[in-house]
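Just so you know, all these numbers are worked out from the coordinates, no wet-lab data involved. Keep in mind it's a predicted model, so treat the numbers as computed, not measured. Here the Cβ positions follow ideal geometry from the backbone for every residue, glycine too, while neighbour counts run over all protein chains shown.
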Number of protein chains: 2
Amino acid sequence: MIKVSVMYPAGEGKTFDMDYYCKSHMPMVRQKCGAACKSMAVEQGLAGGAPGTPPTYAAMGHLYFDSVAAFQAAFGPHTKEIMGDIPNYTNIQPVIQISEVKM
Amino acid sequence: MIKVSVMYPAGEGKTFDMDYYCKSHMPMVRQKCGAACKSMAVEQGLAGGAPGTPPTYAAMGHLYFDSVAAFQAAFGPHTKEIMGDIPNYTNIQPVIQISEVKM
């Protein structure tokens with residue numbers, strides 16, 4: 001299983017519409033990717049590790065696929081449309097990472 | 001539900017023993033935190049979002065608790081021992097973030 005993490009760095013002047021993200025963007029991604037997307041998860045940053053510190057990321061979205069190839073086949077054809085929706089909920093340039101789920 | 005993410009930035013000279021992390025460190029954390037830790041997850045970085053780019057994080061570990069208070073109560077008394085185990089599997093200073101699980 002692989003996990004595609006889309007992480008939105010927090011910072012001054014950064015905005016993120018969590019309601020739109022959960023109710024519109026992520027459901028659209030799931031619909032576009034179809035059954036290849038095994039599950040998804042969304043988190044909102046609360047705090048950093050040390051007391052009183054801010055979170056590194058304002059928000060994170062995660063998509064799970066069986067393999068990198070399965071992700072590319074499912075997501076690839078819809079990349080432009082999915083990426084084009086980003087300005088509708090945030091002015092943050094996300095950091096994207098593909099990881100292998102180990103446990 | 002809250003998620004505590006411990007993210008290990010990748011980079012030259014950075015090492016991470018995934019075997020030790022999954023078989024020794026994370027089980028120790030689970031044992032110390034007890035039933036307050038609802039679940040845990042581990043990922044190994046494979047790639048960045050753009051083709052041919054490296055992952056931001058070499059590895060990530062996640063712990064789920066009912067609340068920040070539940071995390072602090074369960075983890076706090078064992079912080080020194082858990083943090084003291086880090087040099088046994090990596091030379092990376094992790095980035096820690098607490099997030100609220102939205103979906």
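What's the local net charge at residue A:24, with K and R +1, D and E -1, over the other residues with C-beta under 15 Å away?
That works out to 0.
Strictly over 19 Å apart at the Cα level, which of A:38/B:23; A:102/B:3; A:102/B:102; A:80/B:102; B:3/B:102 would you flag in this model?
A:38/B:23; A:102/B:102; A:80/B:102, as the Cα separations exceed 19 Å there.
Please average, across the residues of A:85-96, the number of beta carbons from any other chain that are within 10 Å of each residue's own beta carbon, and give a whole number.
1
Would you report the distance distribution of C-alpha pairs in segment A:10-103 as whole percents per 5 angstrom bin, up to the bin with the largest distance?
3, 12, 21, 23, 19, 13, 7, 3, 0
Check the protein assembly as shown for me: any Cys whose beta-carbon has no other cysteine beta-carbon within less than 4.7 Å?
Lacking a cysteine Cβ partner under 4.7 Å: A:22, B:22.
Suppose a student asked you for the relative contact order of segment A:31-102, using Cα pairs under 8 Å spaced at least 6 residues apart; what percent would you report?
Numbers: 61 pairs, mean separation 21.8, N = 72.
The normalised contact order for segment A:31-102 reaches 30 percent.
Count, for each residue of A:47-55, the Cβ atoms from other chains sitting within 10 Å of its Cβ, then give me the mean as a whole number. Display every interim value, and only then the final one.
On the way: counts 8, 4, 9, 1, 1, 0, 3, 1, 7.
Neighbouring Cβ atoms belonging to other protein chains average 4 per residue here.
Under the definition of partner shielding as Cβ atoms of other protein chains within 10 Å of a residue Cβ, what is the mean value for peptide B:6-15?
1
Give me the net charge for the shell around residue B:43: Cβ to Cβ below 10 angstrom, other residues only, Lys and Arg +1, Asp and Glu -1.
Residues close to residue B:43 contribute a combined charge of +1.
Distance between the C-alpha centers of segment B:60-90 and segment B:3-36? Whole Å please.
Going from one Cα centre to the other spans 9 Å.
If you count the DSSP beta bridges with both ends in the protein assembly as shown, what percent of them are antiparallel, to the nearest 5?
Expressed as a percentage, antiparallel bridges in the protein assembly as shown total about 100.
Lys and Arg at +1, Asp and Glu at -1: add these up for the other residues within a Cβ distance under 15 Å of residue A:58 and post the number.
After counting each charged neighbour, the total is -2.
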